[in-house]
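Read the structure below first, then the notes.
Each reported figure results from applying straightforward, stated rules to the coordinates on display, with no laboratory input. Computed from a predicted model, the values in this text were never measured in an experiment. Counting neighbours? That spans all protein chains shown, and the Cβs are built from the backbone with ideal geometry, glycine included.
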Amino acid sequence: MVKVNCLNPIAKVGMKLLPASFGTTDNFAEAEAVLVRSASMHELDLSDSLLAVARAGAGVNNIPLDKCADKGIVVFNTPGANANGVKEMVVAGMLLAARDIRGGMQWVADNKSDENINKTMEKAKNAFAGTEIKGKKLGVIGLGAIGVLVANAAVALGMEVYGCDPYLSVKNALNLSRSVTLVKSNSEIYAECDYISVHVPLLNDTKGMINKASISMMKDGVVVLNFARDLLVNDDDMKEALESGKVAKYVTDFPNAKSANMEGVIAFPHLGASTAESEDNCAVMAVNQLVDYIENGNIANSVNYPACDMGVCTREGRICVNHKNIPNMISEITGACSAEHINIHEMVNKSKGDYSYTMLDLDSKVTDAVVKKLEGIEGIIKVRVIK
Ligand code: MLT
């Protein structure tokens, strides 16, 4: 029985996909697989039995990726599974920033006992007039699954859209509307756009990227939207920019004690992907990826190990090896097999940063001796016999 621990509630439609050979446990320490949404794993002790963590969502800043990689624990996320939910909130955020919808609704609530409200509102409404987003320039920083959907939706709404992503994948490029102007640097977006929406992961390089310096390059009265992570924005610099009017509105799905109290902030309680559809999509994708890894050793959408897929094993044996991305690993691994007279029928070796993954389909049964040999090789982190 493969023990799965859920650190957060995971949508039923996903949990139902766990095969009969999997069972849930409340004890993180004994789990071989973990499903998580936003619970922080940074303070948890990672046991030797833990093989994989699947994040039902895109952001992985709640998971210690390097610590996991170093223990051979593969971390998955679910890119794109909740992208539509977030995209719809970004569109809502732009509309709320463009027009004082909230002010208007509040006026109606405050005047609901006025019997002549249908007349008085015609005078009052001027206070809530806004502008339209059609014809305005939107800059999308980060063209992953969410950024692409946001860009395409904005094109459909008649906006002039600019996009920037030095790591744009072929898949995302193919999905991106041809009407989006791709630019090489964020500074082109800062200089051009009336609305700027940030869709990058929180990394050392991106932390605080919306700050005094980047804001100073932006147009006066710009609207900044952050549906990615709060620490991408320097709160003190944003406060100053809102006070001076440099930034007209800061729309964020990640308020904190500082930004929630700023004038000019439109904030939501991390609602972007909180839809029934997104939660279901993420749960299904997370569970499928986890099960495929545990059962077959295949890796899809991992953030700390490379993608690697050999399908279902049809040979006598399969071994999967998580190891460091250092010289000689392939010859050491194949050498261990040949020393045990085991013929390798097929193998795949892939690397991602400092870590690599090797899958071997073998023409004879896996022996304890070959596993021992592999485990003894310097740089090998985990050896798993799939069959
Ligand atoms: C994500 O990272 O996928 C979104 O912020 C939603 C979530 O955290 O679940």
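Summary of computed values
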quantity	calculated
Residues of the range 166-198 classified as part of a loop (DSSP other than H, G, I, E, B) and under 19 Å from the mean Cα position of the chain (by Cα), total	5
Per-region count, the range 268-297, residues closer than 16 Å to GLY93 by Cα and buried (at least 18 other Cβ atoms within 10 Å of the Cβ)	2
CYS320 vs. criteria within 16 Å of the ligand (Cβ to nearest atom), not polar (S, T, N, Q) and not in a loop (DSSP other than H, G, I, E, B)	no
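To keep it simple, each residue is scored yes or no on (1) under 17 Å from LEU51 (Cα atoms); (2) away from the ligand (no atom under 15 Å from the Cβ).
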{"residue": "VAL265", "(1), (2)": "no, yes"}
{"residue": "CYS282", "(1), (2)": "no, no"}
{"residue": "ASP292", "(1), (2)": "yes, yes"}
{"residue": "SER302", "(1), (2)": "yes, yes"}
